[in-house]
Structure formats: structure tokens, C-alpha cells
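For reference, the structure is listed below as C-alpha cells.
The values are calculated or read from the model by the stated rules, or taken from the named source; none is laboratory data. This structure is a prediction, so every number in the text was calculated from the model and none was measured. No Cβ is skipped: glycine too gets one built from the backbone with ideal geometry, and neighbour counts run over all protein chains shown. Each accessible area value is taken on the protein alone, full model and side chains, heavy atoms only, with ligands, DNA and RNA left out. Shrake-Rupley method; radii C 1.70, N 1.55, O 1.52, S 1.80 Å.
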Amino acid sequence: MATGKEFWVFSEKQNLLSELAAGVRSLVDPDEGLVAAVVWGTRQESEQAAGKANRVYWLGERPQDALVEDCVPTLARLVQEQNPYGLVVGSTRRGKAVAGRLAARLGVTVVTDVLEFQPDGDGLTARHMIWGGGAVRLEKIASPPVIATVGPGVFDAQIVQSVSPGEIIEVPFVEPEWRLTLRERKTRPPAAVNLASARKVVCSGRGVANMQDLSMIEELARLMGAEIACTRPLAEGLDWLPRERYIGVSGAFVKPDIYMGIGVSGQVQHTVGMSGSRVVVAINKDANAPIFAQADYGIVGDLYSVVPALINAIKARRGT
Ligand SMILES: Cc1cc2nc3c(=O)[nH]c(=O)nc-3n(C[C@H](O)[C@H](O)[C@H](O)COP(=O)(O)OP(=O)(O)OC[C@H]3O[C@@H](n4cnc5c(N)ncnc54)[C@H](O)[C@@H]3O)c2cc1C
């Protein structure tokens, strides 16, 4: 066990908070240490968190116009008072800002984009991505407090054993010296997909020449009962698919039973997000595409021939 002390988790996203609480549980000695969730949100959110953690530090209700980073002074004071072993922050845009600002206040570093923690003597070693996912570094964390960020889908929320509801401790909020002003809020359509829990994923890459051609891939995904995903260029830049559908270091992490990459080259920033897939199928017209190094089954061919052939084969087999 890494620690007999408190390991904290924080995220403004409830699902991610549950994943983090589940993930750090194995790092805490149940007889001596505990998992605590830090919540700045509704009372109901703090009660939900209490179902996942042994203790909740509740910073109170977050005002509608407050940005998540405004809780950093409160977090910093809490860390100084309670001296936890570590704090794992959900790696969202706001979460990264919280982790960075908090670490700067405390004079410690942040270990970003952690993929795994391994107990290491009295401390911890973190396996984490660097250079935008271009490499993975093993970093021994010598001295607490450990501040780290972990993205969605890295830990499995399902593995959390039932925990008797933790105590909720109300923490006085420390007003920040200066506040970010929220000028405008634009509502994005609600996320239609939770890729992290998808059992089958069909992922389109830049090999798809036109947005209209995605309908062919969608048909294949529908026949397979798979979720549609994509590489980053299709979601950021081309805007063919919503951002929550792209896989990779800056997108979602998936661990499906089947991942099928269609016209995906297999750059490392993408593959770190799908390397937990059980079976990888790749369709690419370039036999040297890096994705084939990860593939269990590879089809070298033009997706405009291969995908219709697969659709026809599935339909023929089903007699439809
Ligand atoms: C800091 C940073 C973070 C990033 N984060 C992410 C991330 O989270 N997720 C992500 O996906 N990317 C990310 N990227 C981008 C990443 O580096 C790659 O550029 C991207 O993954 C490439 O997407 P792609 O495979 O769709 O396109 P390409 O690399 O252009 O590959 C297209 C592939 O399609 C094949 N192809 C073309 N036509 C056909 C056809 N007709 N039939 C079959 N095959 C065909 C080609 O042979 C090629 O292999 C990041 C980059 C940076 C710098």
C-alpha cells in the first residue's frame, strides 16, 4: 500500500470523480488511510460522492457564475491544514487549471496525464504521458503532497467496492483574491455518448474524404452495435463529429472489446487512448500505417471498397 493517510480526489464532473475515487482506492491502506472526495457543488453532489469515498470535504454550493478555478484558495488551505498524501484531479480543461494553480500555490509539481500509479516502497511511481502523449514516463513521486491529473476512462468506476457512506465535512470557502468573470455561457448539446464504457467502437480517421461518407461508417457501426468515434482532426478542425467522440491523449480513453479503426493512421496521440482495447481491427490503404503495429486484424485496402463489403457481408449473413 502506498499510504496510510488520506488520498483525495477532485473533479467538477461527477462521473469522473467516481472513477478517480475507485482508482485511488487500491493505493490506500483501508485500515489506516482513506479516500476523500473534494466537492464544490450541490449538497446532492456531495452526498453522491459520499457513496464513493470514505469522506467528503464539501466546499459548499458553487454559484452559477463561478468558475471551477475559484476554489483553488480553499483547496490550498485545506491541503495545508489536512496534509493529505495526495490529490488526484480530473483532467478536464477546468481540472487542469485547478491542478496547475494549486500546485503553484503549494510550491509542488503536478504529474499530468497519469495512466497508472504503482506503489513503490514508501511512495508511488506514476506512469504518465508526456510530450502530448508522444511518450510515457515513469516518475517516482518522492514527497507528498502528490498532485496529479487523470483523464476520463483511465480508471474504471465499476471496480469501486460498496463503501458505507462517508462523512461529509463542510469546509468554509475562501474567497479568491480575484475572480474570473463569466461573461457568457453557451450550452453545448448534452454528450450523447460515453465512449469510455462502450464495448464496441468504430473509429473514423482522416482517411474518410468527406463528411457525407461518415454515413457509410455509421451504417457499419449500427450493424455491429458499436459506438461511433473518430480521431481528433475529424472533431477539432473539420467539426464533422462532436468533440466527445474523439479518442486519444486529449480526448476519450476507451477500453472496448472491439476497436475498429477506419482510415486511422495510428499516431501515438490517438493510440494511447485506445491501447486498452481487447481486439483491434484496422482498415487502411497504407500497409505501413503505424496502426497495423497495434492491430490484431488488419485489412490493407481502400475503405471505400472494404466498408461496403463488410456491410454487405454482415447483411448477407443476417439475411437482410
Ligand atoms: C498535442 C497533440 C495532441 C493530440 N491529441 C490527439 C488525440 O487526442 N486524438 C487524436 O486522434 N489525435 C490527436 N492528435 C493528432 C495526432 O497527432 C494525429 O494527427 C491524428 O491522430 C491523425 O488522425 P488520422 O489518423 O485520422 O489522420 P492521418 O494521420 O492523416 O491518417 C489518415 C490515414 O488514412 C489512411 N487513408 C487515407 N485514405 C484512405 C482510404 N481511402 N482507405 C483507407 N485508408 C485511407 C492513410 O493511409 C492514413 O494512414 C494530437 C496532436 C498533438 C500535437
Point to revise | When each of LYS13/LYS96; LYS140/LYS255; LYS52/LYS200; LYS13/LYS186 is checked by Cα-Cα distance, pairs over 22 Å | key: LYS140/LYS255; LYS52/LYS200
Study note, to complete from the structure: Ratio for the stretch 166-254, C-alpha Rg to 2.2 N^0.38 Å, reads 1.55
Check your understanding: Taking every DSSP beta bridge that has both residues in the chain, what percent is antiparallel when rounded to the nearest 5?
Key -> 20
Exercise for review: With N denoting the number of residues in the stretch 195-318, provide Rg(C-alpha) divided by 2.2 N^0.38 Å, to two decimal places.
Suggested key: 0.94
Practice item. With a 1.4 Å probe and every protein chain left in place, work out the accessible area per residue of the stretch 6-170 in Å², rounded to a whole number. Key: 44
**Study point:** Check: the chain dipole with +1 on Lys, Arg Cβ and -1 on Asp, Glu Cβ, in debye
**Key:** 880
Revision key, fill the gap. Within the stretch 176-217, the residues whose backbone N lies under 13 Å from a label point placed 7 Å from the Cα of ASN15 along the Cα-to-Cβ direction are 190-199
Point to revise | Charge tally in the Cβ shell below 14 Å around LEU310, where Lys, Arg are +1 and Asp, Glu are -1, LEU310 excluded | key: +2
Practice item. Provide the per-residue ³J(HN,Hα) series for the stretch 140-153, in order, calculated from phi with Karplus coefficients 6.51, -1.76, 1.60 and θ = phi - 60°, each as a whole number of Hz, with x at glycine and proline positions. Key: 7, 9, 7, 9, x, x, 7, 10, 9, 10, 9, x, x, x
Point to revise | Sites ARG105 and ASP65 - FRET efficiency at Förster radius 30 Å, r taken between beta-carbons, to 0.05 | key: 0.85
Practice item. Binning at 10 Å from 0, report for the chain what percent of all alpha-carbon pair distances ends up in each bin. Key: 6, 25, 29, 22, 13, 5, 0
Review point. How about LYS315: which lysines have a C-alpha closer than 17 Å to its C-alpha, ignoring those fewer than 8 places off in the same chain?
Key: none
**Study point:** Rounded to whole Hz, the Karplus (6.51, -1.76, 1.60) HN-Hα couplings of the stretch 206-214, x for glycine and proline
**Key:** 5, x, 7, 7, 9, 4, 4, 5, 4
**Study point:** the stretch 6-170: C-alpha pair distances exceeding 27 Å, %
**Key:** 16
**Study point:** R0 of 22 Å, Cβ-Cβ distance ILE130-ARG94: FRET efficiency to nearest 0.05
**Key:** 0.50
Check your understanding: So what are the ³J(HN,Hα) numbers for the stretch 42-50, from phi and the Karplus equation (6.51, -1.76, 1.60; θ = phi - 60°), rounded to whole Hz, Gly and Pro as x?
Key -> 6, 4, 4, 5, 5, 5, 5, 5, 5
